[in-house]
Amino acid sequence: MSSAELRRKFLEFFEKRGHKIIPSSSLIPDDPSVLLTTAGMQQFKKYYTEPALAPAPNVASVQKCFRTSDIDEVGDESHLTFFEMLGNFSFGGYFKKEAIGYAHEFITKILGLEIEYVSIFGGEGKVPEDGESEKIWKSLGFKDIRKFGRKDNFWGPTGKEGPCGPTTEIYINGVEIWNIVFNEYYQKPDGKLEKSKIRGVDTGMGLERLAMIAEGKKNIFETDLFAPLLVLLPADLKERKRRIIADHARALAFLISDGVRPSNKEAGYILRRLMRRLISYGMGQEQNLFEAVVKNYESFYPELNLEKISNVFGEENIKFGKTLNKGLAELQKLEAVDAKAAFRLYESYGLPFEVIKEYTPNLKREDFEAEFQKHQEISRAGQEKKFGGHGLILNTGELKAKDEEELKKVTRLHTATHLLQAALRKVLGEEVRQMGSDITAERTRFDFTFGRKLTPEELKEVENLVNDAVSKNLPVMMEEMNLEDAQKSGALYFFSAKGGSASGGKEKYPAKVKVYSAGDFSKELCGGPHVSNTREVGKFVILKEEAVASGVRRIRAKVLD
Ligand code: GLY
């Protein structure tokens, strides 16, 4: 069965069962808390709390999705950046019995495939085991029903808050095919789960994986979704590279057609990385690759625009082509490439992390990103000065000379921010959680969850606690550990959306993380940079405390010279 037929059969099946078919939304979501659309439910997110707004109580779609969390895995048998997700959704309409029944019927009767086993939520924390789903699967004759916890069988929300809940998942040939989410909970920005008033269904089935099974192929790249692209590539290229090229060509064609343009931040930064990787693999002139993408997909996605894709890619090829060879030559001259050197190669020649990593497999993404962030903080601090209200204009020469000094300031404020969060939790309680932070050489701005204005006494107490920690000369230590161990160790971390299973999703954090601790005063997951002893932070002063949103407060603070 071809992938076009799979899409058609899926939509037809759900239309016949009372679902309204909704076209894919853009890869650029209207929810500012997520960079790109990562799941079919993204465009329907608000309907789970306000079903009256929904175009129909039950809907189905084939959605364009993009997950950056899987970028390092692309090239293996089953991971992608861009993929299509088949999904059916209910906003307070049907629930577990129907959702499981539909999935079972579609896979076994319509596609004639055999389900190997299923999984259900086994209970964890305050969320109980999903006995109802277990019963439903048993009534359908299943014996192999595996039970897992929050990491595997609980999904969502996307972005900072939203609907989420236990899942039941369908496996064929060891591959997870379909993720069925029961949105019984709403996760607040502070990570707390509330039982939702409306029970919803949100399902996701990766089309590429389904096609692999339905077409009887060994991996997703042998399916008709990729084969027409791969035949165009030089035969002597390594398999992994061929797959990366096919994935990236497809992804960037869709990103550009949805209006993303290359830049040095957010979605534009992701697009630029994909394009530069293709160019560095010698694909800068491969116009026919994009023709093949458009030809293979335009009947379902008429927004694909070959002219736009060619123009945007062509411009990047000219721009990056000028420095690529110099950058590669520079890279090959270096004996060892640490994160700092890698960032310099990126800054001077535009070499993206992925390309540098090909030559230096030990380079870690977190370390590179920490360098990237450091640089952005410094340049933002520079920008603020340049355009600040004091008529103070620095030229770039002066800015460079100031770099080291500003970096030191930023580093001190990074550690100060950890101390601030720990102090806030000691004074106000454990409900305080980080919602965001922004550090320049001038000040730190820290957003956190708390329900009311702080009293002047509380603010003083927080400030005093931080200054006590500073005067105690606490050593600041960094330890690398597995994400799970880090979370178990009680280190604070930024609660984030879990990826989904349609592409083998992951948390926003990498599997190995850095945990910074200041004595036993504070312990947090963080990329750094930090001072090595709290005494280097210097005197800490709170400048201002205010509300930024309901339940979220903001503190601005600085350290004195
Ligand atoms: N929203 C379900 C999934 O992404 O798997």
(message) Give me the 1.4 Å probe accessible area per residue for the stretch 9-155, excluding ligands and nucleic acids, in Å².
(response) 43
(request) State whether the stretch 169-243 is rounded, prolate or oblate according to the following rule on the C-alpha gyration tensor (a ≥ b ≥ c being the square roots of its eigenvalues): a/c under 1.5 gives rounded; otherwise a/b larger than b/c gives prolate, and the remaining case gives oblate. (result) prolate
(message) Pairs of alpha-carbon atoms within less than 8 angstrom and 6+ residues apart define the contacts here; what relative contact order does the chain have, in percent?
(response) 12
(request) Using 0.36 nm per residue of separation minus the Cα-Cα distance, give me the extension gain between Glu105 and Ser26 in nm, one decimal. (result) 25.5 nm
(message) Whole percent per 5 Å bin, from 0 to the bin with the longest distance: what is P(r) over all C-alpha pairs of the stretch 307-363?
(response) 4, 19, 29, 19, 12, 10, 5, 2, 0
(request) Binning at 5 Å from 0, report for the stretch 433-477 what percent of all alpha-carbon pair distances ends up in each bin. (result) 5, 16, 15, 26, 28, 8, 2
(message) For the stretch 117-180, what are Rg and Dmax over the alpha carbons, in angstrom?
(response) 12.1, 39
(message) Given Cβ point charges of +1 (Lys, Arg) and -1 (Asp, Glu) and nothing else, what value in debye, to the nearest 20, does the dipole of the chain about its Cα centre take?
(response) 780
(request) State the three equivalent ellipsoid semi-axes of the chain, derived from the C-alpha gyration tensor as the square roots of 5 times its eigenvalues, in descending order and whole Å. (result) 41, 32, 20
(request) Could you please report the charge total around Lys241, scoring K, R as +1 and D, E as -1 over all other residues with beta-carbon less than 14 angstrom from its beta-carbon? (result) -1
(message) Using alpha carbons only, how many angstrom separate the centre of the stretch 455-477 from the centre of the stretch 158-187?
(response) 42
(request) For the stretch 1-88, restrict the atom set to alpha-carbon positions and state the Rg and Dmax in Å. (result) 14.3, 43
(request) Leaving ligands, DNA and RNA out of it, report the carbon-plus-sulfur percent of the accessible area of the chain at a 1.4 Å probe. (result) 50
(message) Could you compute how fast the stretch 278-349 diffuses translationally, taking Rh as the Kirkwood radius over C-alpha pairs and applying Stokes-Einstein at 4 °C with viscosity 1.567 mPa s? Give it in µm² per second.
(response) 91
(message) What is the sum of charges, Lys and Arg at +1 and Asp and Glu at -1, for the other residues whose Cβ falls under 15 Å from the Cβ of Leu424?
(response) 0
(message) What are the ³J(HN,Hα) couplings of the stretch 361-372, residue after residue, when phi is run through the Karplus curve with 6.51, -1.76, 1.60 and θ = phi - 60°? Round to Hz, x for glycine and proline.
(response) x, 7, 4, 9, 4, 4, 5, 5, 5, 5, 4, 4
(request) Would you mind getting the Kirkwood hydrodynamic radius of the stretch 235-326 from its Cα pairs, rounded to one decimal in Å? (result) 13.3
(request) Can you sort Val548, Val34, Val537 by 1.4 Å-probe accessible area, starting with the largest? (result) Val548, Val34, Val537
(request) First measure r as the distance between the Cβ atoms of Val231 and Asp561, then evaluate 1/(1 + (r/R0)^6) with R0 = 60 Å and state the FRET efficiency to the nearest 0.05. (result) 0.40
(request) Bin all alpha-carbon pair distances of the stretch 123-252 at 5 Å intervals from 0 and give each bin's fraction as a whole percent. (result) 2, 9, 15, 16, 14, 12, 11, 10, 7, 3, 1, 0
(message) Can you give me the accessible area per residue for the stretch 246-320, using a 1.4 Å probe, in Å²?
(response) 39
(request) Would you calculate, for the chain, the mean residue ellipticity at 222 nm contributed by helices, counting each DSSP H stretch of 4 or more residues as -39,500 (n - 2.57) and dividing by all residues, to the nearest 500? (result) -12500 deg cm²/dmol
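The values are calculated or read from the model by the stated rules, or taken from the named source; none is laboratory data. Treat the numbers as computed from the prediction; the structure is a model and nothing was measured. Cβ atoms come from the backbone with ideal geometry, glycine included; neighbour counts cover every protein chain shown. For accessibility, only protein heavy atoms count, side chains too; no ligands or nucleic acids. Shrake-Rupley method; radii C 1.70, N 1.55, O 1.52, S 1.80 Å.
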